[in-house]
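Participant: Sending over a structure as structure tokens; questions will come in a sec.
The values are calculated or read from the model by the stated rules, or taken from the named source; none is laboratory data. Owing to the predicted nature of the structure, the values given are computational and were not obtained by experimental measurement. Here Cβ is always computed from backbone atoms with ideal geometry, including for glycine, and neighbour counts include all displayed protein chains.
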Ligand SMILES: NC(=O)C1=CN([C@@H]2O[C@H](COP(=O)(O)OP(=O)(O)OC[C@H]3O[C@@H](n4cnc5c(N)ncnc54)[C@H](OP(=O)(O)O)[C@@H]3O)[C@@H](O)[C@H]2O)C=CC1
Ligand SMILES: O=C(O)C1=N[C@H](C(=O)O)C[C@H](O)C1
């Protein structure tokens with residue numbers, strides 16, 4: 001495939017754990033061309049992102065200037081920005097990409113429901129496709145589908161998510177999305193059985209609007225894991241997904257880059273494009 005017909009992709013957060021994996025995945029995809037590598041590390045500016053990611057030189061220097069990179073990508077036409085940065089700046093970064101007509105694929109978690117609604121309105125007005133994907137792993141989508149089925153039969157459910165201790169946000173975007181999906185099957189879960197007292201504040205986890213408790217574990221050694229536990233008299237049904245390596249997210253990242261191109265609005269969740 002000639003370089004001109006490849007999908008131009010910018011990676012924002014290119015030097016991070018996910019960013020490096022994504023740079024390697026794009027370098028190995030015949031129909032994609034990495035055109036920009038943005039990160040906030042000043043000391044890395046000008047260094048070849050391919051060398052940093054460990055896939056050999058790609059002749060794409062790291063920059064901290066997202067806006068200039070978006071302008072350059074816009075001029076390439078049909079461009080995509082994959083964002084894997086930090087919750088603090090994600091809303092502004094996605095808005096900027098949409099404003100420049102560069103389609104965002106957002107792996108970064110931590111956007112609020114209100115921010116997602118606002119971004120959806122902005123993308124719709126601009127007629128620019130945008131994907132917000134809290135989890136790119138197919139196994140997680142299958143776990144969510146199984147949870148939706150179980151929710152038809154169980155009224156009691158709790159979510160336990162376990163991650164490495166460098167994770168900035170809690171609970172995970174995946175846990176929030178799972179709770180939101182469950183609520184579509186049943187408006188409320190976990191009818192109270194007794195008056196509960198927390199002698200240690202937070203022991204019962206955080207409770208979503210749907211009444212689903214989410215417990216967040218952070219430990220070195222973990223990557224990304226989630227359990228959805230359903231309970232009924234005499235039985236517990238547990239669904240579990242373990243991401244052992246970030247390579248598991250890459251097929252979903254590449255699929256999202258391809259699927260965002262023809263879209264004219266925002267979709268939330270990998271299940272929407274499978
Ligand atoms: N959707 C999915 O399937 C997955 C999503 N994630 C999400 O992706 C995000 C990144 O995770 P991970 O790679 O582990 O995190 P890392 O901290 O390893 O990587 C983030 C990178 O982005 C840089 N960065 C932070 N803020 C900015 C900014 N405003 N502009 C440019 N670069 C920035 C960081 O620099 P510095 O180190 O200096 O802070 C770092 O290099 C998280 O929100 C995480 O939840 C993670 C895995 C899977
Ligand atoms: O920070 C991570 O690592 C991950 N974040 C995402 C989330 O918050 O759900 C996806 C995955 O769990 C890994």
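Participant: Taking residue 245 as meeting all but one of (1) closer than 26 Å to residue 34 by Cβ; (2) in contact with a strand residue (DSSP E or B) (Cβ under 9 Å, 6 or more places away or on another chain), write down the number of the exception.
Facilitator: (2)
Participant: Sticking with this one: Which residues, counting only those in region 232-254, are within 12 Å of ligand 1 (Cβ to nearest atom), more than 27 Å from residue 158 (Cβ to Cβ) and surrounded by 18 or more Cβ atoms within 10 Å (Cβ to Cβ)?
Facilitator: Selection gives 250, 253.
Participant: Taking residue 35, is it under 22 Å from the mean Cα position of the chain (by Cα) and either within 10 Å of ligand 1 (Cβ to nearest atom) or without any contact (Cβ under 8 Å) to a residue 60 or more places away in the chain (or both)?
Facilitator: Yes.
Participant: Next question, about the same structure. Exposed (fewer than 15 other Cβ atoms within 10 Å of the Cβ) and farther than 30 Å from residue 122 by Cβ: does that describe residue 229?
Facilitator: Numbers: exposed (fewer than 15 other Cβ atoms within 10 Å of the Cβ): no; farther than 30 Å from residue 122 by Cβ: yes.
The answer is no for residue 229.
Participant: Given the options 231, 221, 211, 252, name the one that is part of a loop (DSSP other than H, G, I, E, B) and modelled with pLDDT of 95 or more.
Facilitator: That would be 221, the only listed residue that is part of a loop (DSSP other than H, G, I, E, B) and modelled with pLDDT of 95 or more.
Participant: Which members of region 95-117 meet the condition of being away from ligand 2 (no atom under 16 Å from the Cβ) and in a helix (DSSP H, G or I)?
Facilitator: If the condition is that a residue be away from ligand 2 (no atom under 16 Å from the Cβ) and in a helix (DSSP H, G or I), then 95, 96, 97, 98, 99, 114, 117 are the ones that fit.
Participant: Continuing with this model, one more query. I'd like the full set of residues that are in contact with a helix residue (DSSP H, G or I) (Cβ under 7 Å, 6 or more places away or on another chain) and away from ligand 2 (no atom under 15 Å from the Cβ), limited to region 171-188.
Facilitator: 182, 185, 186, listed by residue number.
Participant: Here is a list of conditions, (1) farther than 19 Å from residue 255 by Cα; (2) in contact (Cβ under 8 Å) with a residue 12 or more places away in the chain; (3) under 24 Å from the mean Cα position of the chain (by Cα), and residue 89 meets all of them except one; can you say which number that is?
Facilitator: Checking residue 89 against (1) farther than 19 Å from residue 255 by Cα; (2) in contact (Cβ under 8 Å) with a residue 12 or more places away in the chain; (3) under 24 Å from the mean Cα position of the chain (by Cα), the one that fails is (2).
Participant: Only one of (1) closer than 15 Å to residue 227 by Cβ; (2) away from ligand 2 (no atom under 16 Å from the Cβ); (3) not in a loop (DSSP other than H, G, I, E, B) fails for residue 154. Which number is that?
Facilitator: (3)
Participant: I'd like the full set of residues that are free of Cβ contacts under 8 Å to residues at least 24 places away in the same chain and either in contact with a strand residue (DSSP E or B) (Cβ under 9 Å, 6 or more places away or on another chain) or in a loop (DSSP other than H, G, I, E, B) (or both), limited to region 118-141.
Facilitator: Listed by number, the list holds a single entry, 121.
Participant: Could you identify the single residue in 46, 110 that is in contact (Cβ under 8 Å) with a residue 40 or more places away in the chain, out of contact with any helix residue (DSSP H, G or I) (no Cβ under 6 Å at 6 or more places or on another chain) and on the phi > 0 side of the Ramachandran plot?
Facilitator: 110
Participant: So, residue 127, is that one surrounded by fewer than 16 Cβ atoms within 10 Å (Cβ to Cβ) and on the phi > 0 side of the Ramachandran plot or not?
Facilitator: yes
Participant: While we're on this one: With respect to residue 144, is the statement that it is out of contact with any strand residue (DSSP E or B) (no Cβ under 6 Å at 6 or more places or on another chain), crowded, with 19+ Cβ neighbours inside 10 Å and assigned to a helix (DSSP H, G or I) true? Reasoning before the result, please.
Facilitator: Details: out of contact with any strand residue (DSSP E or B) (no Cβ under 6 Å at 6 or more places or on another chain): yes; crowded, with 19+ Cβ neighbours inside 10 Å: yes; assigned to a helix (DSSP H, G or I): yes.
It is true that residue 144 is out of contact with any strand residue (DSSP E or B) (no Cβ under 6 Å at 6 or more places or on another chain), crowded, with 19+ Cβ neighbours inside 10 Å and assigned to a helix (DSSP H, G or I).
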